[in-house]
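J.: Before I ask anything, here is the structure I am working with.
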Amino acid sequence: MTEHLDDRSVTVIIATRDRPELLVRAIDAVAAQRHDDRVEVVVVFDQTEADESLERVAGPSVVVTSNVRSPGLAGARNSGIDLARHRWIAFCDDDDEWLPGKLQAQFDALAEMPTARAACTGILVRYDGTDTARIPDRELLTFEGFLRDRMTEVHPSSWLVDSDTLRDGIGLVDEELPGGYAEDYDLFLRTARVTPIAVAPQPLVRVWWHGGSYFFERWQLIDEALEYLVDKYPEFRDEPAGFARIRGQQAVARAAVGNRRHAMRAVLAAARRNPVEKRLPLALAVAAGFDAESALRGAHRFGRGI
């Protein structure tokens, strides 16, 4: 066994805000994991009163705290990282659900890839009562691969990372991202620069997509966050498919808020890099009056976003 796997203790960070029923489901799913090493759950309440009644010792210990950093998901996750006591750190969104065997499968994948200090699993996207399986391709989980494609099958609720590598190499979650949107994507990009990523190729997290997401339909914020990422990673400009994807997403977002002139600028910028970028027809349709929210819901039915 490689040295970094000698200690398989895990701190699971669940950032939460005003979702008490969903939060209990997420905690219970972590508690149901069959894992021989220590597991603790740090529940971080963001911009809402902490419910200390959730603290328990049956199964994994549960620590309840409040976000003491910048308001939002990024600050809440970092507040949890600050308190994490164990060798490995995992995330779970408060509206998602780990499935049986998730942790064991990840440690098995790490054992097969001795240089990796991070691991993910496949996911089941649940939308409108239907599950859609999405499985990451390990060969694509490189920095260049993430530039080309966001790979939504790589989800923060399936993320497991060595705590020392996170704190000392990758760095904490970026609290400067507008609204915290795409903070997970930014973290994946930085992780791929530092370490190989192991994959458990089974769908072991159920990701619930619904209108209750704090980023659902927040188009202006999405546009600003994507522009921030393009500035943060100048490598996007040398990756035509990735740059066109970002501009295509921005074109849809700008059209959705009625900013047709800037939407068309983004369309043209994307088309110059990748004329077949699939978001461009959608951006033009939204600029012409098609409802962006309807398009988003349609994409969700296939386990995809825009």
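The values are calculated or read from the model by the stated rules, or taken from the named source; none is laboratory data. Everything numeric here is computed off the predicted structure, so don't read it as measured data. Note that each Cβ is placed from the backbone with ideal geometry, even for glycine, and that neighbours are counted across all protein chains shown.
J.: Checking the structure you have, find out if any residue of the range 152-159 is in contact with a strand residue (DSSP E or B) (Cβ under 6 Å, 6 or more places away or on another chain), over 25 Å from Gly248 (Cα atoms), touching a residue at least 12 places away in the same chain (Cβ under 8 Å) and not aromatic (Phe, Trp, Tyr). Walk me through how you get there before you give the answer.
T.: Filtering the range 152-159 down to residues in contact with a strand residue (DSSP E or B) (Cβ under 6 Å, 6 or more places away or on another chain) leaves 153-159.
Right, trim to over 25 Å from Gly248 (Cα atoms) and you get 157-159.
After this cut, where a residue has to be touching a residue at least 12 places away in the same chain (Cβ under 8 Å) as well, the list is 157-159.
This time we only want the ones that are not aromatic (Phe, Trp, Tyr), so: 157-158.
Yes, there is a match, as at least one residue in the range 152-159 is in contact with a strand residue (DSSP E or B) (Cβ under 6 Å, 6 or more places away or on another chain), over 25 Å from Gly248 (Cα atoms), touching a residue at least 12 places away in the same chain (Cβ under 8 Å) and not aromatic (Phe, Trp, Tyr).
J.: Val286 - would you say it is modelled with pLDDT of 95 or more and surrounded by 21 or more Cβ atoms within 10 Å (Cβ to Cβ)?
T.: Values: modelled with pLDDT of 95 or more: no; surrounded by 21 or more Cβ atoms within 10 Å (Cβ to Cβ): yes.
For Val286, the condition - modelled with pLDDT of 95 or more and surrounded by 21 or more Cβ atoms within 10 Å (Cβ to Cβ) - is not met.
J.: Still on this model: Considering only residues that are of a type outside the set (D, E, K, R) and surrounded by fewer than 23 Cβ atoms within 10 Å (Cβ to Cβ), look in the range 93-109 and name the one that is nearest to Leu160 (Cα to Cα).
T.: Phe107
J.: Going by what's in this entry, would Arg25 be described as in contact (Cβ under 8 Å) with a residue 60 or more places away in the chain, touching a helix residue (DSSP H, G or I) at 6+ places or on another chain (Cβ under 8 Å) and not aliphatic (A, V, I, L, M)?
T.: Working: in contact (Cβ under 8 Å) with a residue 60 or more places away in the chain: yes; touching a helix residue (DSSP H, G or I) at 6+ places or on another chain (Cβ under 8 Å): no; not aliphatic (A, V, I, L, M): yes.
When the stated conditions are applied, Arg25 does not pass them.
J.: If you don't mind, another one. Just checking, which of Ala109, Ala116, Ala90, Ala74 is assigned to a loop (DSSP other than H, G, I, E, B) and among the hydrophobic types (A, V, I, L, M, F, W, C)? Write out each step before concluding.
T.: Numbers: Ala109 fails: assigned to a loop (DSSP other than H, G, I, E, B); Ala90 fails: assigned to a loop (DSSP other than H, G, I, E, B); Ala74 fails: assigned to a loop (DSSP other than H, G, I, E, B).
Going through Ala109, Ala116, Ala90, Ala74 in turn, just one is assigned to a loop (DSSP other than H, G, I, E, B) and among the hydrophobic types (A, V, I, L, M, F, W, C): Ala116.
J.: Looking at the structure I just gave you, is Arg69 surrounded by 24 or more Cβ atoms within 10 Å (Cβ to Cβ) and either in a loop (DSSP other than H, G, I, E, B) or of a type outside the set (A, V, I, L, M) (or both)?
T.: Against the criterion (surrounded by 24 or more Cβ atoms within 10 Å (Cβ to Cβ) and either in a loop (DSSP other than H, G, I, E, B) or of a type outside the set (A, V, I, L, M) (or both)), Arg69 does not qualify.
J.: Which of the residues that make up the range 138-187 are among the acidic types (Asp, Glu), touching a Pro at 6+ places or on another chain (Cβ under 9 Å) and more than 22 Å from Glu227 (Cα to Cα)? Steps first, answer last, please.
T.: Kept after step one, since they are among the acidic types (Asp, Glu), are these residues of the range 138-187: 139, 144, 149, 153, 162, 164, 168, 174-176, 183-184, 186.
If we keep only those that are touching a Pro at 6+ places or on another chain (Cβ under 9 Å) too, we end up with 153, 183-184.
Glu153 - this is the single residue of the range 138-187 that is among the acidic types (Asp, Glu), touching a Pro at 6+ places or on another chain (Cβ under 9 Å) and more than 22 Å from Glu227 (Cα to Cα).
J.: For Thr152, all conditions in the list (1) in a loop (DSSP other than H, G, I, E, B); (2) modelled with pLDDT of 95 or more; (3) under 30 Å from Asp238 (Cα atoms) hold save one; what is the number of the exception?
T.: Failed condition: (2).
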